[in-house]
Amino acid sequence: MAQALGVDLIQTSEPQDDSSSLGSDSELSGPGPYRQADRYGFTGGCSLEPGPGYPPADLIRQREMKWVEMTSHWEKTMSRRYKKVKIQCRKGIPSALRARCWPLLCGAQVCQKNNPGTYQELAEAPGDPQWMETIGRDLHRQFPLHEMFVSPQGHGQQGLLQVLKAYTLYRPEQGYCQAQGPVAAVLLMHLPPEEAFWCLVQICEVYLPGYYGPHMEAVQLDAEVFMALLRRLLPRIHKHLQQVGVGPLLYLPEWFLCLFARSLPFPTVLRIWDAFLSEGAKVLFRVGLTLVRLALGTAEQRMACPGLLETLGALRAIPPAQLQEEIFMPQVHSVALSEQDLQREMKVQLARLPKSSPGPSPQPQARLPGAQAIFEAQQLAGAQGGTKPEIPQIVVQPPEEPRPPRRKPQTRGKTFHGLLTRAQRPPIEGTPRPHRSSFLDTRF
(Lines give C-alpha, C1' and ligand atoms only; values in the text may rest on other atoms or scores of the structure.)
Protein backbone atom coordinates (compact mmCIF):
# COMPACT_ATOMS: atom_id res chain seq x y z
CA MET A 1 0.00 0.00 0.00
CA ALA A 2 2.79 2.41 0.87
CA GLN A 3 4.62 1.60 -2.38
CA ALA A 4 1.47 2.18 -4.39
CA LEU A 5 0.86 5.43 -2.58
CA GLY A 6 4.43 6.49 -3.31
CA VAL A 7 3.98 5.72 -7.03
CA ASP A 8 0.80 7.73 -7.05
CA LEU A 9 2.49 10.71 -5.46
CA ILE A 10 5.36 10.54 -7.92
CA GLN A 11 2.98 10.44 -10.86
CA THR A 12 0.98 13.42 -9.66
CA SER A 13 4.11 15.50 -9.05
CA GLU A 14 5.03 15.71 -12.73
CA PRO A 15 5.43 19.24 -14.16
CA GLN A 16 2.05 20.85 -14.63
CA ASP A 17 0.92 23.56 -16.97
CA ASP A 18 2.26 26.77 -15.48
CA SER A 19 -0.91 28.63 -16.39
CA SER A 20 -2.73 26.66 -13.71
CA SER A 21 -2.78 27.68 -10.10
CA LEU A 22 -1.08 24.52 -8.83
CA GLY A 23 2.03 25.00 -6.75
CA SER A 24 4.33 22.85 -4.61
CA ASP A 25 7.41 23.15 -2.47
CA SER A 26 9.54 21.76 -5.30
CA GLU A 27 8.94 25.01 -7.21
CA LEU A 28 10.50 27.23 -4.57
CA SER A 29 13.78 27.56 -6.42
CA GLY A 30 12.04 30.21 -8.45
CA PRO A 31 11.77 30.76 -12.19
CA GLY A 32 14.75 31.33 -14.40
CA PRO A 33 15.50 34.82 -15.67
CA TYR A 34 14.48 33.83 -19.20
CA ARG A 35 10.90 33.01 -18.25
CA GLN A 36 8.25 35.60 -19.03
CA ALA A 37 5.09 36.28 -17.03
CA ASP A 38 1.82 35.57 -18.78
CA ARG A 39 -1.20 37.87 -18.77
CA TYR A 40 -2.22 36.59 -15.32
CA GLY A 41 1.21 37.10 -13.74
CA PHE A 42 2.45 33.48 -13.74
CA THR A 43 6.02 33.16 -14.92
CA GLY A 44 6.54 30.74 -17.77
CA GLY A 45 2.81 30.22 -18.27
CA CYS A 46 1.23 29.40 -21.60
CA SER A 47 -1.39 32.17 -21.30
CA LEU A 48 0.78 34.78 -23.01
CA GLU A 49 -1.80 34.86 -25.78
CA PRO A 50 -5.54 34.17 -25.57
CA GLY A 51 -6.39 30.56 -26.24
CA PRO A 52 -8.93 29.13 -28.69
CA GLY A 53 -12.47 30.21 -28.05
CA TYR A 54 -11.36 33.36 -26.25
CA PRO A 55 -13.72 36.28 -27.07
CA PRO A 56 -12.37 38.85 -29.54
CA ALA A 57 -11.23 42.28 -28.41
CA ASP A 58 -14.31 44.15 -29.63
CA LEU A 59 -16.60 41.81 -27.69
CA ILE A 60 -14.50 42.33 -24.55
CA ARG A 61 -14.84 46.11 -24.99
CA GLN A 62 -18.62 45.76 -25.25
CA ARG A 63 -18.74 43.72 -22.05
CA GLU A 64 -16.54 46.25 -20.28
CA MET A 65 -18.92 49.06 -21.22
CA LYS A 66 -21.89 47.05 -19.95
CA TRP A 67 -20.15 46.47 -16.61
CA VAL A 68 -19.18 50.14 -16.31
CA GLU A 69 -22.80 51.13 -16.86
CA MET A 70 -24.14 48.55 -14.38
CA THR A 71 -21.65 49.35 -11.63
CA SER A 72 -22.20 53.10 -12.03
CA HIS A 73 -25.83 52.58 -10.96
CA TRP A 74 -25.33 49.51 -8.78
CA GLU A 75 -28.36 49.91 -6.52
CA LYS A 76 -30.70 50.33 -9.47
CA THR A 77 -29.05 47.45 -11.30
CA MET A 78 -29.34 45.00 -8.40
CA SER A 79 -32.88 46.08 -7.59
CA ARG A 80 -34.31 45.83 -11.11
CA ARG A 81 -31.84 44.04 -13.39
CA TYR A 82 -30.10 41.33 -11.41
CA LYS A 83 -30.83 38.78 -14.12
CA LYS A 84 -28.61 40.78 -16.44
CA VAL A 85 -25.85 40.80 -13.80
CA LYS A 86 -26.05 37.01 -13.48
CA ILE A 87 -25.88 36.54 -17.25
CA GLN A 88 -22.85 38.81 -17.55
CA CYS A 89 -21.13 37.01 -14.67
CA ARG A 90 -21.64 33.70 -16.45
CA LYS A 91 -20.05 35.16 -19.57
CA GLY A 92 -17.08 36.24 -17.46
CA ILE A 93 -16.23 39.60 -15.91
CA PRO A 94 -13.56 41.40 -17.97
CA SER A 95 -10.15 41.19 -16.31
CA ALA A 96 -9.83 44.98 -16.18
CA LEU A 97 -13.02 45.28 -14.07
CA ARG A 98 -12.81 42.41 -11.59
CA ALA A 99 -11.29 44.74 -9.01
CA ARG A 100 -14.41 46.90 -9.31
CA CYS A 101 -17.01 44.14 -9.57
CA TRP A 102 -15.97 41.54 -6.99
CA PRO A 103 -16.33 43.84 -3.94
CA LEU A 104 -19.73 44.99 -5.21
CA LEU A 105 -21.00 41.47 -5.84
CA CYS A 106 -19.99 40.04 -2.47
CA GLY A 107 -20.93 43.14 -0.45
CA ALA A 108 -17.36 43.85 0.66
CA GLN A 109 -17.57 47.48 -0.43
CA VAL A 110 -20.50 48.07 1.93
CA CYS A 111 -18.67 46.32 4.79
CA GLN A 112 -15.60 48.46 4.22
CA LYS A 113 -17.62 51.69 4.27
CA ASN A 114 -19.54 50.60 7.35
CA ASN A 115 -16.29 49.87 9.21
CA PRO A 116 -13.86 52.68 8.40
CA GLY A 117 -10.41 52.24 9.85
CA THR A 118 -11.06 48.69 11.06
CA TYR A 119 -8.58 47.03 8.72
CA GLN A 120 -5.86 49.57 9.49
CA GLU A 121 -6.22 48.87 13.21
CA LEU A 122 -6.07 45.12 12.64
CA ALA A 123 -3.09 45.38 10.31
CA GLU A 124 -1.12 47.50 12.79
CA ALA A 125 -1.97 45.36 15.82
CA PRO A 126 0.39 42.51 16.80
CA GLY A 127 -0.96 39.11 15.86
CA ASP A 128 -1.29 35.99 17.95
CA PRO A 129 2.19 34.35 17.93
CA GLN A 130 0.67 30.93 17.36
CA TRP A 131 -1.21 32.00 14.25
CA MET A 132 1.61 34.19 12.98
CA GLU A 133 4.00 31.26 13.01
CA THR A 134 1.55 29.02 11.17
CA ILE A 135 0.75 31.69 8.57
CA GLY A 136 4.44 32.40 8.05
CA ARG A 137 5.12 28.74 7.23
CA ASP A 138 2.41 28.75 4.56
CA LEU A 139 3.22 32.00 2.76
CA HIS A 140 5.74 30.55 0.32
CA ARG A 141 3.31 27.79 -0.69
CA GLN A 142 0.77 30.18 -2.19
CA PHE A 143 1.31 30.40 -5.95
CA PRO A 144 5.13 30.28 -5.96
CA LEU A 145 5.13 30.76 -9.75
CA HIS A 146 3.23 34.04 -9.59
CA GLU A 147 5.35 37.16 -9.80
CA MET A 148 3.62 38.69 -6.75
CA PHE A 149 4.60 35.85 -4.42
CA VAL A 150 8.11 34.97 -5.58
CA SER A 151 10.00 37.03 -3.00
CA PRO A 152 9.44 36.55 0.76
CA GLN A 153 9.89 40.29 1.22
CA GLY A 154 7.77 41.26 -1.76
CA HIS A 155 4.45 43.06 -1.49
CA GLY A 156 2.56 39.86 -2.35
CA GLN A 157 3.68 37.72 0.56
CA GLN A 158 3.73 40.66 2.96
CA GLY A 159 0.20 41.69 1.95
CA LEU A 160 -0.97 38.10 2.34
CA LEU A 161 0.54 38.00 5.82
CA GLN A 162 -1.29 41.19 6.82
CA VAL A 163 -4.66 40.05 5.43
CA LEU A 164 -4.54 36.64 7.10
CA LYS A 165 -3.31 38.12 10.38
CA ALA A 166 -6.11 40.70 10.28
CA TYR A 167 -8.70 37.94 9.91
CA THR A 168 -7.37 36.03 12.94
CA LEU A 169 -7.76 39.22 14.97
CA TYR A 170 -11.17 39.98 13.47
CA ARG A 171 -12.48 36.48 14.26
CA PRO A 172 -10.25 35.10 17.02
CA GLU A 173 -12.70 32.27 17.75
CA GLN A 174 -12.09 30.91 14.24
CA GLY A 175 -8.42 31.75 13.81
CA TYR A 176 -6.60 30.71 10.68
CA CYS A 177 -7.37 27.90 8.26
CA GLN A 178 -4.73 26.81 5.76
CA ALA A 179 -7.25 26.90 2.91
CA GLN A 180 -7.71 30.63 3.42
CA GLY A 181 -4.22 31.20 2.02
CA PRO A 182 -4.93 30.54 -1.67
CA VAL A 183 -8.30 32.30 -1.43
CA ALA A 184 -6.71 35.45 -0.01
CA ALA A 185 -3.88 35.21 -2.54
CA VAL A 186 -6.28 35.23 -5.50
CA LEU A 187 -8.04 38.24 -4.01
CA LEU A 188 -4.73 40.07 -3.60
CA MET A 189 -3.92 39.48 -7.26
CA HIS A 190 -6.85 41.75 -8.10
CA LEU A 191 -7.50 43.99 -5.08
CA PRO A 192 -5.67 46.16 -2.54
CA PRO A 193 -5.16 44.50 0.87
CA GLU A 194 -8.09 46.23 2.60
CA GLU A 195 -10.61 45.31 -0.10
CA ALA A 196 -9.18 41.80 -0.27
CA PHE A 197 -9.66 41.46 3.50
CA TRP A 198 -13.34 42.40 3.38
CA CYS A 199 -13.93 40.08 0.43
CA LEU A 200 -12.32 37.29 2.46
CA VAL A 201 -14.63 38.13 5.37
CA GLN A 202 -17.68 37.88 3.12
CA ILE A 203 -16.58 34.56 1.64
CA CYS A 204 -15.88 33.04 5.05
CA GLU A 205 -18.98 34.37 6.83
CA VAL A 206 -21.68 34.82 4.18
CA TYR A 207 -20.96 32.53 1.24
CA LEU A 208 -19.39 29.61 3.15
CA PRO A 209 -20.06 29.97 6.90
CA GLY A 210 -18.69 27.07 8.91
CA TYR A 211 -16.05 26.17 6.30
CA TYR A 212 -12.96 27.71 7.87
CA GLY A 213 -13.67 27.26 11.57
CA PRO A 214 -11.83 24.77 13.78
CA HIS A 215 -14.39 21.99 13.19
CA MET A 216 -15.29 22.64 9.50
CA GLU A 217 -18.79 21.40 10.21
CA ALA A 218 -20.25 22.87 7.01
CA VAL A 219 -17.70 21.01 4.87
CA GLN A 220 -18.90 17.70 6.28
CA LEU A 221 -22.51 18.60 5.58
CA ASP A 222 -21.75 19.68 2.02
CA ALA A 223 -19.83 16.44 1.43
CA GLU A 224 -22.94 14.45 2.29
CA VAL A 225 -25.04 16.72 0.11
CA PHE A 226 -22.62 16.24 -2.78
CA MET A 227 -22.84 12.46 -2.53
CA ALA A 228 -26.63 12.64 -2.46
CA LEU A 229 -26.58 14.79 -5.61
CA LEU A 230 -24.22 12.30 -7.23
CA ARG A 231 -26.63 9.50 -6.38
CA ARG A 232 -29.46 11.39 -8.07
CA LEU A 233 -27.72 12.96 -11.07
CA LEU A 234 -24.85 10.54 -11.80
CA PRO A 235 -25.91 7.18 -10.31
CA ARG A 236 -23.31 5.04 -12.12
CA ILE A 237 -20.44 7.22 -10.97
CA HIS A 238 -21.85 7.20 -7.44
CA LYS A 239 -21.97 3.40 -7.48
CA HIS A 240 -18.36 3.20 -8.69
CA LEU A 241 -17.12 5.57 -5.97
CA GLN A 242 -18.94 3.50 -3.36
CA GLN A 243 -17.43 0.26 -4.66
CA VAL A 244 -13.82 1.51 -4.62
CA GLY A 245 -14.23 3.28 -1.28
CA VAL A 246 -13.70 6.86 -2.43
CA GLY A 247 -15.64 9.11 -0.08
CA PRO A 248 -16.24 12.80 -0.77
CA LEU A 249 -13.89 13.92 2.01
CA LEU A 250 -10.95 12.49 0.04
CA TYR A 251 -11.24 15.04 -2.78
CA LEU A 252 -14.02 17.55 -2.10
CA PRO A 253 -12.41 19.68 0.68
CA GLU A 254 -9.52 20.76 -1.55
CA TRP A 255 -11.98 21.79 -4.26
CA PHE A 256 -14.51 23.63 -2.12
CA LEU A 257 -12.29 25.13 0.60
CA CYS A 258 -9.89 26.67 -1.93
CA LEU A 259 -12.66 27.50 -4.43
CA PHE A 260 -10.80 25.35 -6.97
CA ALA A 261 -7.87 27.81 -6.89
CA ARG A 262 -5.32 24.96 -6.60
CA SER A 263 -7.05 22.45 -8.86
CA LEU A 264 -7.89 24.06 -12.21
CA PRO A 265 -6.27 26.32 -14.82
CA PHE A 266 -6.23 29.88 -13.58
CA PRO A 267 -8.45 31.39 -16.34
CA THR A 268 -11.09 28.81 -15.47
CA VAL A 269 -10.69 29.57 -11.75
CA LEU A 270 -11.47 33.23 -12.40
CA ARG A 271 -14.60 32.34 -14.37
CA ILE A 272 -15.73 30.07 -11.52
CA TRP A 273 -15.21 32.90 -9.03
CA ASP A 274 -17.24 35.30 -11.20
CA ALA A 275 -20.19 32.91 -11.12
CA PHE A 276 -19.66 31.94 -7.46
CA LEU A 277 -19.76 35.54 -6.22
CA SER A 278 -22.94 36.06 -8.23
CA GLU A 279 -24.89 32.84 -7.56
CA GLY A 280 -23.37 31.44 -4.39
CA ALA A 281 -22.34 27.96 -3.27
CA LYS A 282 -24.44 26.08 -5.81
CA VAL A 283 -21.76 26.97 -8.37
CA LEU A 284 -19.23 24.92 -6.38
CA PHE A 285 -21.52 21.88 -6.51
CA ARG A 286 -22.06 22.33 -10.25
CA VAL A 287 -18.31 22.53 -10.85
CA GLY A 288 -17.66 19.47 -8.69
CA LEU A 289 -20.33 17.41 -10.48
CA THR A 290 -18.88 18.45 -13.84
CA LEU A 291 -15.36 17.41 -12.82
CA VAL A 292 -16.54 14.01 -11.60
CA ARG A 293 -18.44 13.45 -14.83
CA LEU A 294 -15.43 14.39 -16.96
CA ALA A 295 -13.17 12.05 -14.99
CA LEU A 296 -15.48 9.02 -14.59
CA GLY A 297 -18.38 9.61 -16.95
CA THR A 298 -17.80 6.71 -19.35
CA ALA A 299 -17.66 2.99 -18.69
CA GLU A 300 -14.11 2.87 -20.07
CA GLN A 301 -12.97 5.51 -17.61
CA ARG A 302 -14.47 3.62 -14.68
CA MET A 303 -12.98 0.31 -15.81
CA ALA A 304 -9.55 1.96 -15.91
CA CYS A 305 -9.95 2.86 -12.21
CA PRO A 306 -10.41 -0.43 -10.35
CA GLY A 307 -9.16 0.90 -7.01
CA LEU A 308 -9.06 3.87 -4.72
CA LEU A 309 -5.72 5.28 -5.87
CA GLU A 310 -6.59 5.01 -9.56
CA THR A 311 -9.91 6.76 -9.01
CA LEU A 312 -8.36 9.62 -7.06
CA GLY A 313 -5.70 9.92 -9.74
CA ALA A 314 -8.37 10.17 -12.43
CA LEU A 315 -10.10 12.97 -10.54
CA ARG A 316 -6.80 14.89 -10.50
CA ALA A 317 -5.73 14.11 -14.06
CA ILE A 318 -8.52 15.44 -16.26
CA PRO A 319 -7.06 16.49 -19.64
CA PRO A 320 -6.32 20.25 -19.63
CA ALA A 321 -8.08 20.70 -22.96
CA GLN A 322 -11.39 19.78 -21.28
CA LEU A 323 -10.80 22.35 -18.53
CA GLN A 324 -10.40 25.39 -20.78
CA GLU A 325 -12.77 28.13 -19.69
CA GLU A 326 -14.80 28.45 -22.90
CA ILE A 327 -15.32 24.67 -23.01
CA PHE A 328 -15.70 23.92 -19.32
CA MET A 329 -17.98 26.73 -18.07
CA PRO A 330 -20.96 26.05 -20.40
CA GLN A 331 -21.01 22.49 -19.05
CA VAL A 332 -21.01 23.85 -15.49
CA HIS A 333 -23.97 26.14 -16.10
CA SER A 334 -25.92 23.33 -17.78
CA VAL A 335 -25.94 21.14 -14.63
CA ALA A 336 -29.55 20.67 -13.51
CA LEU A 337 -29.13 21.94 -9.95
CA SER A 338 -31.17 24.85 -8.66
CA GLU A 339 -30.93 26.68 -5.35
CA GLN A 340 -34.19 25.04 -4.27
CA ASP A 341 -32.76 21.58 -4.98
CA LEU A 342 -29.66 22.39 -2.95
CA GLN A 343 -31.61 23.73 0.02
CA ARG A 344 -33.93 20.75 0.01
CA GLU A 345 -31.05 18.27 0.01
CA MET A 346 -29.29 20.20 2.77
CA LYS A 347 -32.31 19.87 5.02
CA VAL A 348 -32.46 16.12 4.37
CA GLN A 349 -28.78 15.56 5.09
CA LEU A 350 -28.79 17.86 8.11
CA ALA A 351 -31.49 15.71 9.68
CA ARG A 352 -29.39 12.60 9.10
CA LEU A 353 -26.21 13.90 10.71
CA PRO A 354 -25.40 12.12 13.97
CA LYS A 355 -26.21 14.22 17.00
CA SER A 356 -23.03 13.08 18.75
CA SER A 357 -20.66 14.58 16.15
CA PRO A 358 -18.04 16.88 17.73
CA GLY A 359 -18.28 20.60 17.30
CA PRO A 360 -21.27 22.82 16.58
CA SER A 361 -23.96 21.69 14.19
CA PRO A 362 -23.90 23.24 10.72
CA GLN A 363 -26.03 26.32 10.17
CA PRO A 364 -26.97 26.29 6.47
CA GLN A 365 -29.52 29.06 7.05
CA ALA A 366 -26.63 31.48 7.66
CA ARG A 367 -25.46 31.00 4.07
CA LEU A 368 -26.76 33.56 1.61
CA PRO A 369 -27.28 32.30 -1.95
CA GLY A 370 -25.38 34.85 -3.93
CA ALA A 371 -25.09 38.55 -4.68
CA GLN A 372 -28.80 39.35 -4.82
CA ALA A 373 -29.50 37.94 -1.35
CA ILE A 374 -26.47 39.77 0.06
CA PHE A 375 -27.58 43.04 -1.52
CA GLU A 376 -31.11 42.69 -0.13
CA ALA A 377 -29.79 41.84 3.35
CA GLN A 378 -27.49 44.88 3.37
CA GLN A 379 -30.28 47.13 2.14
CA LEU A 380 -32.55 45.84 4.90
CA ALA A 381 -29.85 46.37 7.51
CA GLY A 382 -29.36 49.94 6.27
CA ALA A 383 -33.09 50.62 6.43
CA GLN A 384 -33.25 49.37 10.03
CA GLY A 385 -30.70 51.86 11.28
CA GLY A 386 -27.36 50.70 9.96
CA THR A 387 -25.08 52.80 7.88
CA LYS A 388 -26.51 53.00 4.42
CA PRO A 389 -23.92 52.49 1.68
CA GLU A 390 -23.07 55.39 -0.54
CA ILE A 391 -24.55 54.66 -3.93
CA PRO A 392 -23.74 56.79 -6.98
CA GLN A 393 -26.64 59.16 -7.53
CA ILE A 394 -28.50 58.99 -10.80
CA VAL A 395 -28.86 62.47 -12.28
CA VAL A 396 -32.40 63.03 -13.56
CA GLN A 397 -33.52 66.16 -15.35
CA PRO A 398 -36.40 67.89 -13.52
CA PRO A 399 -39.75 67.57 -15.30
CA GLU A 400 -41.16 70.51 -17.19
CA GLU A 401 -43.96 72.64 -15.70
CA PRO A 402 -47.30 70.91 -16.30
CA ARG A 403 -49.42 72.62 -18.94
CA PRO A 404 -53.09 73.31 -18.20
CA PRO A 405 -55.39 70.84 -19.89
CA ARG A 406 -56.74 72.02 -23.19
CA ARG A 407 -60.51 72.53 -23.12
CA LYS A 408 -62.50 71.20 -25.97
CA PRO A 409 -64.43 74.02 -27.70
CA GLN A 410 -68.19 74.02 -27.25
CA THR A 411 -69.56 73.60 -30.76
CA ARG A 412 -72.82 71.87 -29.97
CA GLY A 413 -75.80 73.74 -31.44
CA LYS A 414 -73.66 76.07 -33.52
CA THR A 415 -73.93 74.06 -36.71
CA PHE A 416 -76.80 73.11 -38.91
CA HIS A 417 -76.20 69.40 -38.17
CA GLY A 418 -76.37 70.04 -34.44
CA LEU A 419 -79.67 71.86 -34.78
CA LEU A 420 -81.17 69.03 -36.78
CA THR A 421 -79.99 66.47 -34.24
CA ARG A 422 -81.42 68.45 -31.36
CA ALA A 423 -84.72 68.94 -33.15
CA GLN A 424 -85.15 65.18 -33.65
CA ARG A 425 -84.83 64.39 -29.90
CA PRO A 426 -88.01 63.71 -27.89
CA PRO A 427 -89.24 66.60 -25.79
CA ILE A 428 -88.01 66.72 -22.22
CA GLU A 429 -90.70 66.58 -19.56
CA GLY A 430 -90.95 69.45 -17.17
CA THR A 431 -90.77 73.16 -17.53
CA PRO A 432 -90.10 74.02 -21.17
CA ARG A 433 -86.88 75.82 -21.82
CA PRO A 434 -87.20 79.26 -23.36
CA HIS A 435 -86.56 79.27 -27.06
CA ARG A 436 -83.58 81.25 -28.18
CA SER A 437 -83.91 82.67 -31.61
CA SER A 438 -81.25 82.11 -34.15
CA PHE A 439 -80.60 83.35 -37.60
CA LEU A 440 -82.42 80.27 -39.02
CA ASP A 441 -85.70 81.46 -37.48
CA THR A 442 -85.68 84.58 -39.62
CA ARG A 443 -88.26 84.55 -42.36
CA PHE A 444 -87.35 86.21 -45.60
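The values are calculated or read from the model by the stated rules, or taken from the named source; none is laboratory data. Values in this document were obtained by computation on a predicted structure and should not be read as measured data. Cβ sites come from the backbone with ideal geometry, for glycine too, and all protein chains shown count toward neighbours. Calculation scope for accessible area: heavy atoms of the full protein, side chains included, ligands and nucleic acids excluded. Shrake-Rupley method; radii C 1.70, N 1.55, O 1.52, S 1.80 Å.
Tabulated data for the structure shown
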quantity: Computed accessible area, TRP255, all protein chains, 1.4 angstrom probe, square angstrom; calculated: 20 Å²
quantity: Apportionment of accessible area to carbon and sulfur, region 207-254, percent (1.4 Å); calculated: 52 percent
quantity: Net lengthening on full extension, GLU75/ASP341 (0.36 nm per residue, minus Cα-Cα); calculated: 92.9 nm
quantity: Region 131-193: GluC sites (Glu not before Pro) in DSSP loop, at most 10 other beta carbons within 10 Å; calculated: GLU173
quantity: Alpha carbon Rg of region 213-264, scaled by the compact-globule rule 2.2 N^0.38 Å; calculated: 1.19
quantity: Per residue accessible area in Å² of region 92-207, where ligands, DNA and RNA are left out and the probe is 1.4 Å; calculated: 37 Å²
quantity: Extension reserve of the LEU250-ARG352 stretch, reckoned as 0.36 nm per residue once the Cα distance is removed; calculated: 34.7 nm
quantity: Estimated FRET transfer efficiency (MET303, ARG231; beta-carbon r; R0 22 Å; 0.05); calculated: 0.60
quantity: Under 20 Å between alpha carbons - lysine pairs in region 64-174 that sit 8 or more apart or on different chains; calculated: 9
quantity: Accessible surface ranking that places the most exposed of LEU59, LEU312 first, with a 1.4 angstrom probe; calculated: LEU59, LEU312
quantity: Solvent exposure, largest accessible area first (probe 1.4 Å, DNA, RNA and ligands not counted), of VAL68, VAL225; calculated: VAL68, VAL225
quantity: Accessible area, probe 1.4 Å, largest first, for residues MET303, MET65, MET216; calculated: MET303, MET65, MET216
quantity: Value of Rg to Rh for region 92-207 (Rh from inverse mean 1/r over Cα pairs, i.e. Kirkwood); calculated: 0.94
